[in-house]
Each structure stands twice: as C-alpha cells, then as structure tokens.
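The values are calculated or read from the model by the stated rules, or taken from the named source; none is laboratory data. Since we're looking at a predicted model, the values are computed, not measured. Every residue, glycine as well, gets a Cβ built from its backbone with ideal geometry; the counts of neighbours run over all protein chains shown. The accessibility values were calculated without ligands, DNA or RNA, using every heavy atom of the protein model including side chains. Shrake-Rupley method; radii C 1.70, N 1.55, O 1.52, S 1.80 Å.
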Amino acid sequence: MTTELDMNRIPQHIAIIMDGNGRWATDRGLDRTFGHKAGLDTVKKITAECARLGVKYLTLYTFSTENWNRPAYEIEALMGLVLSFIEMELFTDNNVKFTLIGDRERLPQSVQDKITYMENLTKDNNGMTMVVAMSYSSKLELVRATKLIADEVKSGKLNLEDITEQTINDHLWTAHMPDPELLIRTGGELRISNYLLWQCAYSEFYFCDTYWPDFNEEALHKAIANYQSRQRRFGKTEAQVESEAQDLNAK
C-alpha cells in the first residue's frame, strides 16, 4: 500500500536520528558494525527519495560527541564508512550539496580532508542540501555560540542589549539553514539525544520502532503523511490558524 502525500506540503527541512543499526545487527547475530554498513544503504535510499520529493534540507545525525565513548573498533569502523560514504555518486546524481555540522577538528584528518573535498565538489549543486551532523552535540553548539557572542560583546562589536534570538541563530553551526519542520527518530527510543535542541523548538516529532536499516521510502512517506496530518500552531489557537489559512487561500 502506497501512502498518499500532499506534494504542496512537503517539509522543507527533515532531520533524522538514524537509530537502531547496532540492535539490527545484534538481532541477526552479527557484529554491530554490520548494522552501520546496512544503515549506509538506507542513507542512500532516503537521501535520493527526499531529493525526489523536493525536500530542501536533510540533516542526518551520524555521530554524536557522546559516541566518542564507544569501543575504539566501532569508532574506527564508523570513520571508515564515512570515508566510503562521501565518495558516493549520490550527491552528483541527485544534485545534492554536502556539508557538515559539528566539531570537525576532532575528526581524523583523513575524514576532515574528505569532507572538505566533498563540500567543494558539491558546492554548486542547487537541489537538496544534505547536512551530516558528525562529532555533533547541541549543548556544545550552544556553548560555542555563547562564547562567540561573548567575544563580540567584549570587543565592542555587539551591544548586550542587541542580543536576540536571531543573534543566537546566526552563531550556530546551522546558521545557513532553516529550522527542521519534521524530526524523525527510528529505533523505538523516545528522546532526541542532544540533537538540534534550539532548532527543534517547534519541530514536529515522529518516532517509529523500525530500525534504521529497515527504514525505507514507504516508511519515510508515512512519517511525512503523519506530519501533514498535524496542525502547526506556533502558540496560536486552532481558530487563528484556520482563519489565517482561509485568508491565504482567498488571495
């Protein structure tokens, strides 16, 4: 059964927590690293489908700062997968721009070099932008933004009274993109794990039990259809939102 989507209401920014790779492998009697390899195939499918649907930004939670505490062999395997991933033709075939948010200086030099290479190679692609959150922590991002703003106040470039929400937005790693309308988490967990805490203030959350390697195009469509069934009020009443929608349709 194919889920019907309203192509006029496709979220422009989808953020995904790709959870369940390790458990997918463990359930099959495999080493956890096999789950990450299988998850890479899902990244290819979901990226291509999001680009086809007209999504403008796809942000994937690939590796958190907390993940540095995992066993060394698993971290090494993940870094190897990143190197193979950013060599894929996926970006050129689908007109996708590649970029990264996170503490890139903590990554191995080989990974940093590949990231820079792919960012330069795809910088003129004007379809969807894939944003890989790697060595990423939302709390770290906010601390970094706070320090940058404090330095500007200290140097006299910024007045304390002029600091607004936009000031903070402008100093985040995500300053170049809109906030996500839809956050998807696979794998059955019901938390956002230090991911885009500021940016997800008004995102719609969608949780599913499906492990990331089993998350396919139809599962993506179900998440988007669920998003489309909701009324986004941003603090307003239902009546206000409906009235504004009627006024917009009348124009």
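Residue count for the range 107-121 under the criterion of being among the charged types (D, E, K, R) and either in contact with a Gly (Cβ under 9 Å, 6 or more places away or on another chain) or open to solvent by 60 Å² or more (accessible area, probe 1.4 Å) (or both): the result is 1. Picking from residues in the range 147-167 that are of a type outside the set (V, I, T) and in a loop (DSSP other than H, G, I, E, B), the one that is farthest from Q199 (Cα to Cα) is G156.
Scan the range 201-209 and give yes if some residue there is touching a Gly at 6+ places or on another chain (Cβ under 7 Å), open to solvent by 20 Å² or more (accessible area, probe 1.4 Å) and at negative phi, otherwise no.
Taking the range 201-209 as the starting set, the residues that turn out to be touching a Gly at 6+ places or on another chain (Cβ under 7 Å) are 209.
Now narrow it down to the ones that are open to solvent by 20 Å² or more (accessible area, probe 1.4 Å): 209.
Next, only the ones that are at negative phi stay: 209.
Yes: the range 201-209 contains one or more residues that are touching a Gly at 6+ places or on another chain (Cβ under 7 Å), open to solvent by 20 Å² or more (accessible area, probe 1.4 Å) and at negative phi.
Set side by side, the residues N125, N159 differ, and just one is more than 30 Å from L78 (Cβ to Cβ) and either within 17 Å of the chain's Cα centre (by Cα) or not basic (K, R) (or both), which is N159. When G127 is tested against (1) open to solvent by 30 Å² or more (accessible area, probe 1.4 Å); (2) of a type in the set (G, A, S); (3) in contact (Cβ under 8 Å) with a residue 40 or more places away in the chain, exactly one condition is not met: (1).
Residues of the range 96-120 being hydrophobic (A, V, I, L, M, F, W, C) and over 14 Å from T62 (Cα atoms), which ones? If the condition is that a residue be hydrophobic (A, V, I, L, M, F, W, C) and over 14 Å from T62 (Cα atoms), then V96, M118 are the ones that fit. Only residues that are open to solvent by less than 80 Å² (accessible area, probe 1.4 Å) and either in contact with a Lys or Arg (Cβ under 6 Å, 6 or more places away or on another chain) or under 30 Å from F91 (Cβ atoms) (or both) were counted in the range 131-167, giving 13. If you scan the range 167-190, which residues turn out to be free of Cβ contacts under 8 Å to residues at least 40 places away in the same chain and either closer than 15 Å to L142 by Cβ or touching a Gly at 6+ places or on another chain (Cβ under 8 Å) (or both)? The answer is T167, I168, N169, D170, H171, L172, A175.
Which residue out of R104, R70 is within 18 Å of Y195 (Cβ to Cβ), surrounded by fewer than 20 Cβ atoms within 10 Å (Cβ to Cβ), among the charged types (D, E, K, R) and modelled with pLDDT under 90?
Step by step, each of R104, R70 is checked, and only R70 is within 18 Å of Y195 (Cβ to Cβ), surrounded by fewer than 20 Cβ atoms within 10 Å (Cβ to Cβ), among the charged types (D, E, K, R) and modelled with pLDDT under 90.
Taking the criterion of being surrounded by fewer than 18 Cβ atoms within 10 Å (Cβ to Cβ) and either assigned to a strand (DSSP E or B) or under 15 Å from the mean Cα position of the chain (by Cα) (or both), the residues of the range 168-178 that qualify are A175, H176, P178.
If I ask for residues that are of a type in the set (V, I, T) and touching a Gly at 6+ places or on another chain (Cβ under 9 Å), which ones from the range 122-140 would you list?
Let us first name the residues in the range 122-140 that are of a type in the set (V, I, T), namely 122, 129, 131-132.
V132, the sole residue that qualifies.
Filtered by the rule that a residue be part of a loop (DSSP other than H, G, I, E, B), over 16 Å from N67 (Cβ atoms), in contact (Cβ under 8 Å) with a residue 40 or more places away in the chain and open to solvent by less than 80 Å² (accessible area, probe 1.4 Å), the range 1-31 gives T3, L5, D6, I10, P11, Q12. Answer yes if at least one residue in the range 53-66 is touching an Asp or Glu at 6+ places or on another chain (Cβ under 9 Å) and open to solvent by less than 10 Å² (accessible area, probe 1.4 Å), and no otherwise. Yes.
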